[in-house]
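The structure appears below as structure tokens.
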Amino acid sequence: MSLWKRQRVGSSGDLSSLDGALAEERSSPSQFRSPAFDPGGFNDPSFSDVLLHLQFDPDPDPDPDAPLTCLDLHVQSAALCRSHYFAALLSDRWQRPSASSGDAIPHRVTFKIPRDDDRHRQGPFDAHVAVIRLLHTLDFSGAVASVTDALEMMPVALELLFEDCVRACVRFLEAMPWTEEEEERVLKLIPFLGEEESRELVARVSPMVAASGDWKSMSEEMLHGLIDVAIRRHPNVATVKAFVAKILKDFPYRGTVQRVLDQAFLLSLETVKDYLGKYASPDVRVAEDSDEREAIQRLNLHAVMSNLKHFHWLVERIIEVRVADTAVREWSEQEALAADLMKTFRDDTWKNIAPGLPLLVTRCSYRLADAVASGATLAPRQVRMTIVRNWLPVLNVLRDTFSPLPSGYRTLYPDLEETFLKIISTLPLSDAQELLQQCLSFSTRNLDDCPHLTSCNEIMATSPW
């Protein structure tokens, strides 16, 4: 079973809250003591090279009688790396102390746990401590001694992508009887397991439950949560995006992935359009002072740039899993968005606020247009025509803006030009002739640099206009 079937949430997300929902309610103590150490192993400062700081997210309304909200553990990096989450985290952030630095200072890693009502219980870090201890000892038979142990540790193991621990918990649950309450808790965990790994657990519950619409909706809800965490709420954005991209690519139900990505794409597109519309056509009534209006405009353009990065990541995922039909159709219909972008690019203000904006726009257009030109997405004639008609003018405005082209654009622009020309060559001659006239600027600098334009003209010349 591939590890990528799991949800990885890190500092916030559905699995972290699931850990609280699956745990038995206990009374809240006034403090939490550091767990005992294993000589030479877990929580032994003498052999530790990492200080792991477990911490609840800050409480907006702190209760002075609430239990301790943080805990430090002395751990070993080699043991932590048995968790794919920590292995990725340390590979990016690890810095070995220099030989001349004297005593080695442990590397500090903070792991945040979302706060919820169920966290205020006896031993709020018990499950996390147990799983982190298992990273060192691998003593699963000794640690997983009851159904409650398995149900409390499995959500944490899923968070940390600790595969051996997850398998040990699943094997234990398969072999043990459950109460009705425990069965409900097992059902909440099944969607986060792979199909093969969860098969024996699913076989023990009602077939109607396993095949019901709730199963599908839970899967979609999980993927929605993963995407939201990846692009908006997690501090280690690049690492989490890589994990979520792999999960989406390997998810066994393509229809579910398509529905989730389509919804995320449309929502992200609307957000970009909203902020760009505010920037391109500002409401002067919002602020009377010119300095205040300028500050609002800068914020709007920064918001465009930030959300366009999320949008571009979604486009890449849609292309990767080959479910771009909706995205291509919607992008082809964005005449107003293209007009706002051209209005923005004709004003040099954006160059100081969001200099990377043209590159992101061009990459999105290229990826979606290339899906059409390559045949990965079979778009109808109207979509092929409108995607060129609406986005070719944006490309021409950007070519006029940059002279010469910056290094980051020198291959991307010709690639998009060639892609548009390939699409034009598939259109009826009347439509192709209209669009081809807008491509003449491709060769204004050097005709030899535009063999794709020459080829397209030769193809069109073989048929009467």
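The values are calculated or read from the model by the stated rules, or taken from the named source; none is laboratory data. On a predicted model such as this, the values are computed, not experimentally measured, just so you know. Backbone-built Cβ (ideal geometry, glycine too); neighbour counts: all protein chains shown. Areas reflect the complete protein model, heavy atoms only, side chains present, ligands, DNA and RNA absent. Shrake-Rupley method; radii C 1.70, N 1.55, O 1.52, S 1.80 Å.
Just a few scattered comments:
- Unique residue being open to solvent by 40 Å² or more (accessible area, probe 1.4 Å), under 21 Å from T362 (Cβ atoms) and of a type outside the set (D, E, K, R) when the list is S306, S268: S306
- In segment 134-149, the residues that are surrounded by 15 or more Cβ atoms within 10 Å (Cβ to Cβ) and of a type in the set (G, A, S): A143
- Flag for L341 being within 23 Å of L398 (Cα to Cα), under 25 Å from the mean Cα position of the chain (by Cα), in contact (Cβ under 8 Å) with a residue 24 or more places away in the chain and open to solvent by less than 20 Å² (accessible area, probe 1.4 Å): no
- Single condition R322 does not satisfy, out of (1) of a type outside the set (G, A, S); (2) out of contact with any Asp or Glu (no Cβ under 8 Å at 6 or more places or on another chain); (3) closer than 20 Å to L416 by Cβ: (3)
Listed here are the residues, each with its yes/no results for (1) within 32 Å of the chain's Cα centre (by Cα); (2) modelled with pLDDT of 80 or more; (3) within 17 Å of A127 (Cα to Cα); (4) open to solvent by 20 Å² or more (accessible area, probe 1.4 Å).
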site: L51; (1), (2), (3), (4): yes, yes, no, yes
site: P58; (1), (2), (3), (4): yes, no, no, yes
site: D65; (1), (2), (3), (4): no, no, no, yes
site: L68; (1), (2), (3), (4): yes, no, yes, yes
site: D72; (1), (2), (3), (4): yes, yes, yes, yes
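- Which listed residue, of K309, K351, is charged (D, E, K, R), at negative phi and under 17 Å from the mean Cα position of the chain (by Cα): K309
- Helices (runs of 4 or more DSSP H) fully within segment 292-384 counting 1 or more residues that are of a type in the set (D, E): 325-332, 335-345, 357-373
- Those residues of segment 240-299 which are without any contact (Cβ under 8 Å) to a residue 24 or more places away in the chain and among the β-branched types (V, I, T), in sequence order: V284, V286, I296
- Out of A376, A432, sole residue that is touching a residue at least 12 places away in the same chain (Cβ under 8 Å), among the small types (G, A, S) and under 25 Å from I319 (Cα atoms): A376
- Taking the listed residues R389, R367, R381, the one that is within 23 Å of N307 (Cα to Cα), open to solvent by 40 Å² or more (accessible area, probe 1.4 Å) and at pLDDT 90 or above is R367, with no other qualifying.
- All of (1) part of a helix (DSSP H, G or I); (2) open to solvent by 40 Å² or more (accessible area, probe 1.4 Å); (3) within 25 Å of Q437 (Cβ to Cβ); (4) modelled with pLDDT under 95 hold for S403 with one exception: (1).
- Long-range neighbours under 6 Å by Cβ, at least six apart or interchain, first residue on the phi > 0 side of the Ramachandran plot within segment 143-166, second small (G, A, S) and open to solvent by 10 Å² or more (accessible area, probe 1.4 Å): none
- Test: residue in segment 179-195 that is in contact with a Lys or Arg (Cβ under 9 Å, 6 or more places away or on another chain), open to solvent by 40 Å² or more (accessible area, probe 1.4 Å) and either more than 22 Å from V240 (Cα to Cα) or at pLDDT below 90 (or both): yes
- Considering segment 279-300, the residues that are within 17 Å of A338 (Cβ to Cβ) and surrounded by 15 or more Cβ atoms within 10 Å (Cβ to Cβ) include one that is modelled with the highest pLDDT, namely Y279.
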